[in-house]
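Taking it in order: structure first as structure tokens, then the write-up.
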């Protein structure tokens, strides 16, 4: 995890980015197979299988309730996707549209590395799905569902043969439900989304300085004093775990220690290294409170607590956090200093290693395998531990060389607002890992996307996860070398629509949030606000913390435009592609020029309408500088477009002035913690309009 | 109810419509008080009460769990509406923002006619809400919630004094969950909507030819054989009843008999008058099967069944349907004919009256008050029965004269696709009822909107109920003479947005349905489809049944454009208002002319883009004639607008040809069972452009 240190590595090599952008324009044809993640092997055959009210799935071979549930879910999803009425009660004996054969059971408690493969054969007369166990069957059903498409003749699945299996056995999503509480129903719909893209690990980040979210019956003051009443009951947790299991998803709980633990101390200050008193932290950042690693009662408490949670969460893996201890409470505590001296512990890193070792023993004693963030990897740590790397592929490869299993999260932090393409370019086996031996490579189990929730709550979390998480899911499932970015985007857009049928709100949330921001409005004003929202993105990486005028806290409303915009603007991505296409044509394509002009004109005029709204709403007013920046920068780009179309190149001083204006406008947008994702495209137009460019003076 | 006979009365007097349309343009100022239904009395005072994270509601006087729930719900709604974080756990002792005082309890089982009044005083330092009992308190909380608005300084409630009470004690919504099953969560969110607009009766239509939806433990074959597995368990029913009670809403169940009852006979054919065999009906219409009123075992069955349901539904009222028996099974059954002769029953109406009398006795025996549709009102029926009138205000007034209590549903059938203004114009005390004595008027208890579900399912039901139902709710709550249609629309639009915070999907459903129809698409194509969808309406009244090429059934997918368009197009309503304004200005207002031209140009060009989609989707292709009709008719209107702007009047033959083309285009739209709501506005433009009009030759 890590909320500060990870800043260091946020910049992806520029070369990789340029390469992916270049791919975007071509290869739209790969979008034809609307499956995400792409299967390992697909052979198209002739014809298609009609999907109508006679649809019937029949399970053969090994049977269990989970398969029955999956069949009902498939039928419900077909009904949602197509509107077709499927009355199962009405046709117990008809022929099967989809025959789904499972060879044998999977493990009662789902294990890492079980067979997840399946084969699917679709012919005009029926489909056959085959899997070794229910896990593969669940994945195959999702592929079948994704293949259903509307045609001029109705809904159908194109005939084909699919053989599929995952590249990595650990394909996870971590949700931070501690900084902001994420209600169980929101967790569940995200599990539905994970199932759709074949992710198989839900990493549940349950404790933080800002909240302790799991009910403990042994130590009830953990959730009573540490959660503001916002926690998961044990019944809710069991329900989520069962829900996940039904979808082939393991649930790995994380209780972060010895740092990130202020909320524990609200109820149990005796665990801490400082004098207290402690209360749930409201601010964001890295804080001083840390458990006392020198007091045996800490381990007595943790032994009982881990035992309780080990029984509640059936998965083999148990995440103990271990990141970002600043050591200040340890430095200030004479008893701890004395302990360190008497035990020849030289520094806080060694002290943390000592603590970490003790906790790992407890986890092992309770028959679980520990997982920890990078920091837990210190000399001598047992090889059983799994390292979750926020530092990057280098440290992951180094750990694998030393015989440690690892999962990659660096590059998969969804809250940083990166583009899907940028996440997609991150590969757990890239860089130094490529040089590992096959055995060492097998130690790299896969990856986990992470959504940290400083600026994420139940209302906007879906939009911060989806659809970009589907690109990460594909990276972790599909064969190495699945790198067609244009195809990925085309399929991701289709998947984004499908995910809405599951109840995810990653698109629909925006309208209601914008209505709140707008207050009462005319359609013209509202359209302006929406156009601004859809053209902008929130600031990337950790800029939001840096640029806030008042430091935000967990009580700060997430109701601003920055909380409402998509992390990656579809509108802007398409605009940038159009600009590339235009310039690529030597500025000679009039249709694309018209398209660019129409979009720029819309943006250029949008601010006048938005300013009307700003008079009646403080939330519009706050965002108004960004709207003005969008309109102003679009006007600058229009000047460049005019210069190109008139064949009168921009003089160099004018070019420089305009680039400088654009940069100032980007700074202006930052006042509302927003960015103008089209700025590079605007700059390209200015460059193309400038004297000496291949486009300038074309007409 | 009645699915055929009610056709006769569907046309509201033209004068009334014209009057309301005329009001629309002015009086927007009344929109300032964004409360719906409008309170009985409002006095504005100075300043406003800030709403922020310190918000705290404190209950005083009489307390009960329902009030506690309402307080939590209020806080949750404030959080949703504003995004402000309210941590109740965090401030047990702070000062009250809203002090809510309740004098005493209401009835344990909510009764008709209990006090529902409240007073609300908002000052800059706090708000005080006062009610005699929890029912009034619940209404007052909704008013407070509606008053929260965004301002340039943040969220606040304007200072004011409100005194409010309902005009009618019975303000209901009937949902037909029998023709299409409506899941409990959809019912619940509609109860939330009802609470928001202060409706207090949920009439639950539970049995029909096409489905029997309530679990019966005494007669389990009712739901097992009569529902395709789609029914409410008794636990779910109790949960819905409790959910409704928490919101001040009574639940009146309806089991329709002796007709509309085929689904009963699937499991219990011995109740029927015919020979069977019986199965759940799939078609729509009025059918022959009817209970055997001459067999004592029918009454033995009904006695036990009504007893069971009377215990399940605590409300005093019990609806026995009683509508639309065609008598064919009775005519064909010699045993019944013999019975009629021996009992001197002259015709089927008398036979039904006999049945009805017997069933009313059973209902009374189980300590409930019967309710029935118009047909149950026959000479000699006890005065306790409540008549629900689908026939109209005349029969309601006549019943009141005879001493019967009644509720109006004629004019409130939401499935007919009427405008909100048209529903709003219906008044239970209009027409002959105006001449009743005050005592007689009191017998008219109020009204009920009804959503019949032939073309309504879980996916689109919200859009068929909301927001138009808010206009009916206002008619039943607000003082007589609350008739400003422009104010109503302005407030209804605001309320439509608020209802989305409750989870209602009346707006959001459309995008996902359109995505299904479109299949895969570019944004340009999708925008075209959406523009077409938002400009059109579904056919009104019963035209859909009449114009279907294949008779629809309960298994027909509701996935067409006709199922996706709003019953009342906001876009078209605004366009029509703009045309009225333009013509009202003597065609001299250039800004409005530009607005009209922009809209017409958009519609004129939309079809070209939609036809691209039609090549890949059967559902777009099916709707394409309506899209073409929209574009063609917009082109015709543009010609008229050009003629006006150029000052060259249209010759009379051209005028006639254009009007005739428009009518043909409307017929073409009917192929997809859609209508062009802007047609009258287009015709007005043509008339205004024609020789002799005050507009022609203006420039």
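The values are calculated or read from the model by the stated rules, or taken from the named source; none is laboratory data. Here the structure is a predicted model, which means the values were calculated and not measured. Note: ideal-geometry Cβ built from the backbone for every residue, glycine included; neighbour counts use all protein chains shown.
From the list B:145, B:135, B:141, the one residue that fits, being outside any strand (DSSP E or B) and within 14 Å of chain A (Cβ to nearest Cβ), is B:145.
So for the stretch A:464-472 (the condition being in a loop (DSSP other than H, G, I, E, B) and either more than 14 Å from chain B (Cβ to nearest Cβ) or modelled with pLDDT under 95 (or both)), does at least one residue qualify? Yes: the stretch A:464-472 contains one or more residues that are in a loop (DSSP other than H, G, I, E, B) and either more than 14 Å from chain B (Cβ to nearest Cβ) or modelled with pLDDT under 95 (or both).
Out of contact with any strand residue (DSSP E or B) (no Cβ under 6 Å at 6 or more places or on another chain) and free of Cβ contacts under 8 Å to residues at least 12 places away in the same chain: is that true of residue A:598 in this structure? Against the criterion (out of contact with any strand residue (DSSP E or B) (no Cβ under 6 Å at 6 or more places or on another chain) and free of Cβ contacts under 8 Å to residues at least 12 places away in the same chain), residue A:598 qualifies.
Listed by position, the helices (runs of 4 or more DSSP H) inside the stretch A:154-252 whose residues that are touching a strand residue (DSSP E or B) at 6+ places or on another chain (Cβ under 9 Å) and away from chain B (no Cβ under 14 Å) number at least 3 are A:184-196, A:234-246. Would it be correct to say that residue B:541 is within 25 Å of the chain's Cα centre (by Cα), at positive phi and surrounded by fewer than 18 Cβ atoms within 10 Å (Cβ to Cβ)? For residue B:541, the condition - within 25 Å of the chain's Cα centre (by Cα), at positive phi and surrounded by fewer than 18 Cβ atoms within 10 Å (Cβ to Cβ) - is met.
One residue stands out among those in the stretch B:288-320 that are buried (at least 20 other Cβ atoms within 10 Å of the Cβ) and farther than 20 Å from residue B:237 by Cα: the one that is farthest from the chain's Cα centre (by Cα), which is B:294.
Tell me, please, whether a residue that is assigned to a helix (DSSP H, G or I), away from every other protein chain (no Cβ under 14 Å) and in contact with a strand residue (DSSP E or B) (Cβ under 7 Å, 6 or more places away or on another chain) can be found in the stretch B:415-425. Looking through the stretch B:415-425, at least one residue is assigned to a helix (DSSP H, G or I), away from every other protein chain (no Cβ under 14 Å) and in contact with a strand residue (DSSP E or B) (Cβ under 7 Å, 6 or more places away or on another chain). Screening residue A:582 on (1) under 27 Å from residue A:525 (Cβ atoms); (2) touching a helix residue (DSSP H, G or I) at 6+ places or on another chain (Cβ under 8 Å) shows it passes everything except condition (1). Scan the stretch B:321-337 for residues that are part of a helix (DSSP H, G or I) and buried (at least 18 other Cβ atoms within 10 Å of the Cβ) and the total you get is 3. For the stretch A:18-51, the set of residues classified as within 14 Å of chain B (Cβ to nearest Cβ) and at pLDDT 95 or above consists of A:35, A:36, A:48, A:50, A:51, listed by residue number.
The one condition from (1) more than 11 Å from chain B (Cβ to nearest Cβ); (2) over 18 Å from residue A:192 (Cβ atoms); (3) buried (at least 23 other Cβ atoms within 10 Å of the Cβ) that residue A:517 does not meet is (1).
If you go through the stretch B:676-698 one residue at a time, do you hit one that is within 28 Å of residue A:149 (Cβ to Cβ), crowded, with 20+ Cβ neighbours inside 10 Å and touching a strand residue (DSSP E or B) at 6+ places or on another chain (Cβ under 6 Å)? For the stretch B:676-698, residues within 28 Å of residue A:149 (Cβ to Cβ), crowded, with 20+ Cβ neighbours inside 10 Å and touching a strand residue (DSSP E or B) at 6+ places or on another chain (Cβ under 6 Å): absent. Filtering the stretch A:52-67 to residues that are away from chain B (no Cβ under 14 Å) and either over 28 Å from the mean Cα position of the chain (by Cα) or not in a helix (DSSP H, G or I) (or both) leaves A:56, A:57, A:58, A:59, A:60, A:61, A:62, A:63, A:64, A:65. When A:77, A:81 are checked against the criterion of being within 11 Å of another protein chain (Cβ to nearest Cβ) and either within 26 Å of the chain's Cα centre (by Cα) or in contact (Cβ under 8 Å) with a residue 24 or more places away in the chain (or both), a single residue qualifies: A:81. Consider residue B:563 carefully, then state whether it is within 14 Å of chain A (Cβ to nearest Cβ), modelled with pLDDT of 95 or more, surrounded by fewer than 20 Cβ atoms within 10 Å (Cβ to Cβ) and under 13 Å from residue B:463 (Cβ atoms). For residue B:563, the condition - within 14 Å of chain A (Cβ to nearest Cβ), modelled with pLDDT of 95 or more, surrounded by fewer than 20 Cβ atoms within 10 Å (Cβ to Cβ) and under 13 Å from residue B:463 (Cβ atoms) - is not met.
Report whether or not residue A:434 is in a helix (DSSP H, G or I), in contact with a strand residue (DSSP E or B) (Cβ under 6 Å, 6 or more places away or on another chain) and more than 30 Å from residue A:556 (Cβ to Cβ). For residue A:434, the condition - in a helix (DSSP H, G or I), in contact with a strand residue (DSSP E or B) (Cβ under 6 Å, 6 or more places away or on another chain) and more than 30 Å from residue A:556 (Cβ to Cβ) - is not met.
In the stretch A:544-560, of all residues being surrounded by fewer than 18 Cβ atoms within 10 Å (Cβ to Cβ) and in contact with a strand residue (DSSP E or B) (Cβ under 8 Å, 6 or more places away or on another chain), the one that is farthest from residue A:601 (Cα to Cα) corresponds to A:553. Being at pLDDT 95 or above, farther than 25 Å from residue B:592 by Cβ and buried (at least 23 other Cβ atoms within 10 Å of the Cβ), is that true of even one residue in the stretch B:647-670? Yes, because at least one residue in the stretch B:647-670 is at pLDDT 95 or above, farther than 25 Å from residue B:592 by Cβ and buried (at least 23 other Cβ atoms within 10 Å of the Cβ).
Return the residue satisfying two criteria in turn: it lies in the stretch A:544-556 and is more than 22 Å from the chain's Cα centre (by Cα) and in a loop (DSSP other than H, G, I, E, B), and of such residues it is nearest to the other protein chains (Cβ to nearest Cβ). Checking each candidate, the answer is A:555. Note on the stretch B:656-682: residues that are more than 18 Å from residue B:531 (Cβ to Cβ), under 30 Å from the mean Cα position of the chain (by Cα) and without any contact (Cβ under 8 Å) to a residue 40 or more places away in the chain amount to 3. Picking from B:471, B:496, which residue would you name as being surrounded by fewer than 21 Cβ atoms within 10 Å (Cβ to Cβ) and touching a helix residue (DSSP H, G or I) at 6+ places or on another chain (Cβ under 8 Å)? So the residue among B:471, B:496 that is surrounded by fewer than 21 Cβ atoms within 10 Å (Cβ to Cβ) and touching a helix residue (DSSP H, G or I) at 6+ places or on another chain (Cβ under 8 Å) is B:496.
In the stretch A:617-640 there is at least one residue that is closer than 15 Å to residue A:561 by Cα, surrounded by fewer than 21 Cβ atoms within 10 Å (Cβ to Cβ) and out of contact with any helix residue (DSSP H, G or I) (no Cβ under 8 Å at 6 or more places or on another chain). Does any residue of the stretch B:272-295 turn out to be assigned to a helix (DSSP H, G or I) and without any contact (Cβ under 8 Å) to a residue 40 or more places away in the chain? No, the stretch B:272-295 has no match at all.
Here's the yes/no breakdown for (1) at negative phi; (2) in contact with a strand residue (DSSP E or B) (Cβ under 7 Å, 6 or more places away or on another chain); (3) surrounded by 20 or more Cβ atoms within 10 Å (Cβ to Cβ); (4) more than 12 Å from chain B (Cβ to nearest Cβ):
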site	(1), (2), (3), (4)
A:482	yes, no, no, yes
A:522	yes, no, no, no
A:529	yes, no, yes, yes
A:535	yes, no, yes, yes
A:572	yes, no, yes, yes
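Of the residues making up the stretch A:76-103, those that are out of contact with any helix residue (DSSP H, G or I) (no Cβ under 9 Å at 6 or more places or on another chain) and either closer than 23 Å to residue A:171 by Cα or in a helix (DSSP H, G or I) (or both) are A:76, A:79, A:89, A:90. The residue that is surrounded by the most Cβ atoms within 10 Å (Cβ to Cβ), among those in the stretch B:499-514 that are more than 9 Å from chain A (Cβ to nearest Cβ) and farther than 22 Å from residue A:83 by Cβ, is B:499.
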